[in-house]
């Protein structure tokens, strides 16, 4: 009997021991290159950021960021596989390795960034947002105080849920949160009159309102409840991938700072090649300096990135500019030199 | 020799079970270490900092996650037991209508069962909530202050129920009642025809015969099916999240997002449902045993 028991113990040890072959050193960046495809987690439900177009292709700022990543890492912006995720699913999807990158209007916060929290690593901010409230014009609600004891529709599992609570608590006001898992349900609950107001990032409110029957009947309150810097994110234990993503975003911003666009990129490359004195341009475009290699990419990754979707300003105009379906004025999202917040460290 | 073979076979089964479980647990632990998420339940005592629309006990966002989970659990139990009660009553009515002689009732109940059984529960819940309740006008039904139904919920005699809660109760009860109706019909049909003929020949009235002769004999066939439906109901209640009701699953979802402790949260969720369902099963089994042993008759 003893023999049998020890046999069982040995066998189970043997079998369980086999799965212990995980290597912590390998970076996801190598895996992406090996696979030849980038798996990008997106929302898929927010016009202007990521939305399924008529032709069945995703469109939006978050999507263009995914394309820039693919262009920078793989040299081809079409090699992206999109995974639509809910707010609740997104972090687990990164940690389990289901997706490589999350480009899904995710707010950069301490808990999400830290290893003691969600354990992510955030790329630079791609959209500076703030949480707001939308109400119906006819309700005459003009401030947060007017919402006392009213119900507010909110998406669960978001920073939004916490922010609205913080604001009401700090003002010692009571309210009833009606929580839905999905932004579309939040909108439905609000439009059908279950709540007096809905809350979300102001960009999302604007995007939602653009799809309403009578957008002018709804107002977005002046109050800004929180800072919502939206960033792409990846697994926090993988520095190599995080570095690559960080500098791809900075490429977009530097390109706008330097006036390099999708149209003139070829000229700029030619110009840099013919003029050895343009040191910083040559470094940026990968002719000198070998910067790309240092972050595990090809030296001319910046050229590929700009060719794919253009610089940051072009991406913004295409998806959120005046002529787009969801016009949102740039304000904080201007370059630093134009009074906004976007600024890139030097490519040295 | 034959006995030996049996033992070896059973040993193989035990071994494979141990190895599969060992593999899964080992895998889990390795992955937890890899993602820096070792088991830890200390976050349960930290303040939740989210508000809840419905709570049976006092609750504020400065209360702990553990308290929030308890509130969610009470919200779930409230829904489960009220729906359990309502769906049983509705189910009995439907089951009896289907087996009865009244043609109109027969057609109506068949129609009801067909519609309800062939459509997904999630869709029905969405229907009751977004079309049923939220589609109502602000002054849809109003009798003084005693009875009100509108898109904010139901209010009668000082009791008020939110539209999320009401839609969930209606959705779950209606859905489960169709299945319970079929279970009851099956039980009644399982009683031999001779029993009907014999009570009729004794001059006992139709309803009296049904209650005193047929149902007592049908119960042993009904109870196991009923238990299944009750268990399904308890589990289906987690679909509350789709229509904005703060049940334990919805609160768990929020907590996972705030703390990133998915595995701990799912373990808590698994155990709470396991315990509840074991309770339901045992309760029903006790009833079943009583019926089978003592031959309880309903008077």
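Can you give me the number of residues within the range A:140-151 that are part of a loop (DSSP other than H, G, I, E, B) and within 28 Å of residue A:229 (Cβ to Cβ)? Show your work before the answer.
Of the residues in the range A:140-151, the ones part of a loop (DSSP other than H, G, I, E, B) are A:140-144, A:148-150.
Checking the rest, the ones that are also within 28 Å of residue A:229 (Cβ to Cβ) come to A:141-144.
Number satisfying all stated conditions: 4.
Residues checked against (1) under 21 Å from the mean Cα position of the chain (by Cα); (2) within 14 Å of another protein chain (Cβ to nearest Cβ):
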position: A:168; (1), (2): no, yes
position: A:172; (1), (2): no, yes
position: A:179; (1), (2): no, yes
position: A:184; (1), (2): yes, yes
position: A:201; (1), (2): yes, no
position: A:204; (1), (2): yes, no
position: A:207; (1), (2): yes, no
position: A:224; (1), (2): yes, no
position: A:234; (1), (2): yes, yes
Looking at (1) surrounded by 16 or more Cβ atoms within 10 Å (Cβ to Cβ); (2) more than 7 Å from every other protein chain (Cβ to nearest Cβ); (3) under 31 Å from the mean Cα position of the chain (by Cα), which is the only condition residue B:31 fails? (3)
Scan the range B:99-110 residue by residue and report those that are touching a residue at least 24 places away in the same chain (Cβ under 8 Å) and within 26 Å of residue B:168 (Cβ to Cβ). B:109
Residue A:208 passes all but one of the listed conditions (1) touching a helix residue (DSSP H, G or I) at 6+ places or on another chain (Cβ under 7 Å); (2) closer than 30 Å to residue A:346 by Cα; (3) in a helix (DSSP H, G or I); the exception is number (2)
Looking at (1) over 18 Å from residue A:240 (Cα atoms); (2) at pLDDT 50 or above; (3) more than 19 Å from the chain's Cα centre (by Cα), which is the only condition residue A:12 fails? (2)
With the structure loaded, tell me whether residue B:168 is surrounded by 15 or more Cβ atoms within 10 Å (Cβ to Cβ) and not in a helix (DSSP H, G or I) or whether it fails that test. no
Where residue A:260 falls short, out of the listed (1) crowded, with 17+ Cβ neighbours inside 10 Å; (2) in contact with a strand residue (DSSP E or B) (Cβ under 7 Å, 6 or more places away or on another chain): (2)
Here are some residues: B:70, B:45, B:86. Which one is in contact with a helix residue (DSSP H, G or I) (Cβ under 7 Å, 6 or more places away or on another chain), farther than 22 Å from residue B:187 by Cβ, surrounded by fewer than 20 Cβ atoms within 10 Å (Cβ to Cβ) and touching a residue at least 12 places away in the same chain (Cβ under 8 Å)? B:45
Would you mind stating whether residue B:268 is within 14 Å of chain A (Cβ to nearest Cβ), at pLDDT 90 or above and closer than 30 Å to residue A:163 by Cβ? no
Which condition breaks for residue A:154 when tested against (1) within 19 Å of residue B:54 (Cα to Cα); (2) outside any helix (DSSP H, G or I); (3) at pLDDT below 90? (3)
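Within the range A:103-111, is even one residue touching a strand residue (DSSP E or B) at 6+ places or on another chain (Cβ under 7 Å), farther than 18 Å from residue B:259 by Cβ and assigned to a helix (DSSP H, G or I)? Steps first, answer last, please.
Quick first cut of the range A:103-111, residues touching a strand residue (DSSP E or B) at 6+ places or on another chain (Cβ under 7 Å) only: A:103-108.
Pick out the ones that are also farther than 18 Å from residue B:259 by Cβ and you get A:103-105.
Going one step further and asking which of them are assigned to a helix (DSSP H, G or I), we end up with none.
Checked the range A:103-111: no residue is touching a strand residue (DSSP E or B) at 6+ places or on another chain (Cβ under 7 Å), farther than 18 Å from residue B:259 by Cβ and assigned to a helix (DSSP H, G or I).
Across the range B:238-251, what is the total count of residues that are more than 10 Å from every other protein chain (Cβ to nearest Cβ) and over 16 Å from the mean Cα position of the chain (by Cα)?
Let us first name the residues in the range B:238-251 that are more than 10 Å from every other protein chain (Cβ to nearest Cβ), namely B:238-240, B:247-249.
If we keep only those that are over 16 Å from the mean Cα position of the chain (by Cα) as well, we get none.
Selection size over the range B:238-251: 0.
Just need a number here: residues in the range A:86-105 that are within 12 Å of chain B (Cβ to nearest Cβ) and either in contact with a helix residue (DSSP H, G or I) (Cβ under 6 Å, 6 or more places away or on another chain) or closer than 13 Å to residue A:62 by Cα (or both). Outline the logic, then answer.
The first filter runs over the range A:86-105 and keeps only residues within 12 Å of chain B (Cβ to nearest Cβ), leaving A:86-97.
Next, only the ones that are either in contact with a helix residue (DSSP H, G or I) (Cβ under 6 Å, 6 or more places away or on another chain) or closer than 13 Å to residue A:62 by Cα (or both) stay: A:88, A:92.
Qualifying residue count, the range A:86-105: 2.
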Run residue A:146 past the list (1) at pLDDT 90 or above; (2) crowded, with 20+ Cβ neighbours inside 10 Å; (3) more than 9 Å from every other protein chain (Cβ to nearest Cβ) and report the number of the one that doesn't hold. (2)
Unmet requirement for residue A:240, which otherwise passes all of (1) assigned by TED's automatic domain parsing to the domain that holds residue A:136; (2) surrounded by fewer than 18 Cβ atoms within 10 Å (Cβ to Cβ); (3) at pLDDT 90 or above; (4) more than 21 Å from residue B:59 (Cβ to Cβ): (1)
Considering each residue of the range A:257-294, count those that are under 12 Å from residue A:347 (Cα atoms) and outside any loop (DSSP other than H, G, I, E, B), and give that number. 9
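The values are calculated or read from the model by the stated rules, or taken from the named source; none is laboratory data. A quick note: this is a predicted structure, and the numbers were derived from the prediction, not measured. Cβ: placed from backbone, ideal geometry, glycine included. Neighbour counts: every protein chain shown.
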